[in-house]
Amino acid sequence: MGSGIAQVAANAGHPVYLYDVQPEAAQRGCAAIERDLGALVGRGKLDSQAAVAILERVTPVATLAEARDAALAIEAVVEDLAIKQALLRELESVLGEHAILASNTSSLSITAMAAALKRRERLAGMHFFNPAPRMKLVEIVSGLETGAAQAACLHATARAWGKIAVHVKSTPGFIVNRVARPFYAEPQRVLAEGAGEPACLDAVLREGCGFPMGPFELMDFIGHDVNFAVTRSVFDACFADRRYVPSLIQQELVAAGRLGRKSGRGFYDYSEGAVRPLPRELTPCEGRGRITVVGDLGPAAALIARFEAAGIEVRRDAGSGRVGWIEIGEARLALTDGRTATRRAVEDDQANLVLFDLCLDYAATPRLTLAPADPCGRGAFHDVVGTLQRAGFKVGVIDDVAGMLALRTIAMLVNEAAEVVLHGVASAADVDAAMVHGTNYPLGGPLAWADRLGAGPVTTALRHLREHYGEERYRTSPLLQRKAFNGEPFHE
């Protein structure tokens, strides 16, 4: 990370000192910058003379005293509070009184780091994402005593370096590592309940919701030791708040040394010759040539055009309620609302009920995932499957869990993002910008997704999840409840 940040600053025209307690490490950092610049030149992304100029602006130094004229010092050492405090004290004694100190920490408290300094206002977080030259996001983190001028200067500096900068208060996980926890937690809980295999669950969120990677393949990519440690850190720092409780499944993977790609095995097998499992799809069924749409399908309304384009006759019934559904033969197909299909079948007096999961765009999604109620007949279920296949969908199935997978995951992401805004950790705009540019989340971020769905359906899903599990984990953010009552969006 240190060499990557140095490359970013040098690319913006700054002379940069690169220091490590091991001089050979600083030299290796310069070599890493040279290799990366060479690769950019080779791909035609950078002029060779510009690459030489960037590299010449980076100077490895053997002592911090050689960098005493620096106006900004960014530390990227090991995530250990005592070690960071010792380094920051040394930097404070060496650099000029107007120099700003910044930490690239991803999890430690800026307030706690600053406690070791004489002038605490000069320290802020400047959290880059790996690899720093490629990732656009930088979180500018203010501790309790960080000066407003220092935070503003770092924000402007990051923007001048071509980054997307967001302001955030020093709280556990900042924005990205806090808001992202449900993306890993909810799929692991669904897996623990035996509702589906990792390949199937990954496909739900990747193909159905537009995430670049599914949660299980992403955890394998990050490394389970790293991902589990971040979850533990947020959980512990928040006084064991059940929203952040770590997964026993992931704990077992770490204990077994199955850390993901870097160890050769995690949720998936990466050993030579291993075959990656594909998401299971239901075998083709005949389906029906006529369906009836009852009421308003809400976000799933685009399904109607896909049925019609496939030559399926669509009849319409205005219905009498606010929540619509599709009648296919003896079956009823409806979007999940957070209840299990079995509970909903009993409450709605509709035995042949099949639920489908939330998708980003029903007009374009290649996949629909279903969950039949326990009393649903085999023939009724096959009618639903075949009709969807006839309309061009890949159809998967998971067991009947509350909220299925996508809805409960999106609802919890929205809920966590709302909590961040409620407590003044960051603005709604900065939360969404952080999740889009730090983790490549779709649709402009979780709060933009809440605006698209409406806060009401999200709070309904969370209420049903809390009723089902009886846990504080699914308590609804007061801000999200307020948005549901007043109908206001998070973004104007």
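Considering only residues in the range 298-328 that are of a type in the set (V, I, T) and part of a loop (DSSP other than H, G, I, E, B), the one that is farthest from R452 (Cα to Cα) turns out to be I312.
With respect to the stated conditions, G392 is in the same structural domain as Y362 (by TED's automatic domain parsing) and outside any helix (DSSP H, G or I).
I need the full set of residues from the range 258-287 which are small (G, A, S), surrounded by 12 or more Cβ atoms within 10 Å (Cβ to Cβ) and assigned to a loop (DSSP other than H, G, I, E, B), in order please. Correct list: G264, G266, G287. The set of residues in the range 169-215 being without any contact (Cβ under 8 Å) to a residue 60 or more places away in the chain and either over 11 Å from the mean Cα position of the chain (by Cα) or surrounded by fewer than 23 Cβ atoms within 10 Å (Cβ to Cβ) (or both) consists of R189, L191, A192, R206, M213. Looking at the range 187-202, is at least one residue within 30 Å of H155 (Cβ to Cβ) and either modelled with pLDDT of 95 or more or among the polar types (S, T, N, Q) (or both)? No, the range 187-202 contains no residue that is within 30 Å of H155 (Cβ to Cβ) and either modelled with pLDDT of 95 or more or among the polar types (S, T, N, Q) (or both). Inspect the range 118-130 for any residue being within 23 Å of the chain's Cα centre (by Cα), more than 14 Å from H155 (Cβ to Cβ) and at pLDDT 95 or above and give the result as yes or no. Yes. Please go through the range 82-104 and pick out each residue that is within 33 Å of the chain's Cα centre (by Cα) and hydroxyl-bearing (S, T, Y). Matches in the range 82-104: S103 only.
Yes/no per residue for (1) among the small types (G, A, S); (2) within 18 Å of R339 (Cβ to Cβ); (3) surrounded by 17 or more Cβ atoms within 10 Å (Cβ to Cβ):
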| position | (1), (2), (3) |
| --- | --- |
| T439 | no, no, yes |
| A448 | yes, no, yes |
| G456 | yes, yes, no |
| L462 | no, yes, yes |
| G470 | yes, yes, no |
| P478 | no, no, no |
| F485 | no, no, no |
| H491 | no, no, no |
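Picking from L18, L87, L91, L40, which residue would you name as being surrounded by 14 or more Cβ atoms within 10 Å (Cβ to Cβ), in contact (Cβ under 8 Å) with a residue 24 or more places away in the chain and assigned to a helix (DSSP H, G or I)? One residue alone meets the criteria, L91. Note on the range 422-492: no enclosed helices (runs of 4 or more DSSP H) hold 2 or more residues that are at pLDDT below 95 and under 19 Å from F174 (Cβ atoms).
This table checks each residue for (1) of a type outside the set (A, V, I, L, M, F, W, C); (2) within 29 Å of Y469 (Cα to Cα); (3) not assigned by TED's automatic domain parsing to the domain that holds A199.
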{"position": "R316", "(1), (2), (3)": "yes, no, yes"}
{"position": "G319", "(1), (2), (3)": "yes, no, yes"}
{"position": "R322", "(1), (2), (3)": "yes, yes, yes"}
{"position": "E327", "(1), (2), (3)": "yes, no, yes"}
{"position": "L335", "(1), (2), (3)": "no, yes, yes"}
{"position": "T342", "(1), (2), (3)": "yes, yes, yes"}
{"position": "L355", "(1), (2), (3)": "no, yes, yes"}
{"position": "A363", "(1), (2), (3)": "no, no, yes"}
{"position": "T369", "(1), (2), (3)": "yes, yes, yes"}
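If the condition is being surrounded by fewer than 19 Cβ atoms within 10 Å (Cβ to Cβ) and either part of a helix (DSSP H, G or I) or in contact with a strand residue (DSSP E or B) (Cβ under 8 Å, 6 or more places away or on another chain) (or both), then the range 236-253 contributes D236, A237, R242, L248, I249, Q251, E252.
The values are calculated or read from the model by the stated rules, or taken from the named source; none is laboratory data. Computed from a prediction, not measured in an experiment: that's the story for all the values here. We place every Cβ from the backbone using ideal geometry, glycine too, and count neighbours over all the protein chains shown.
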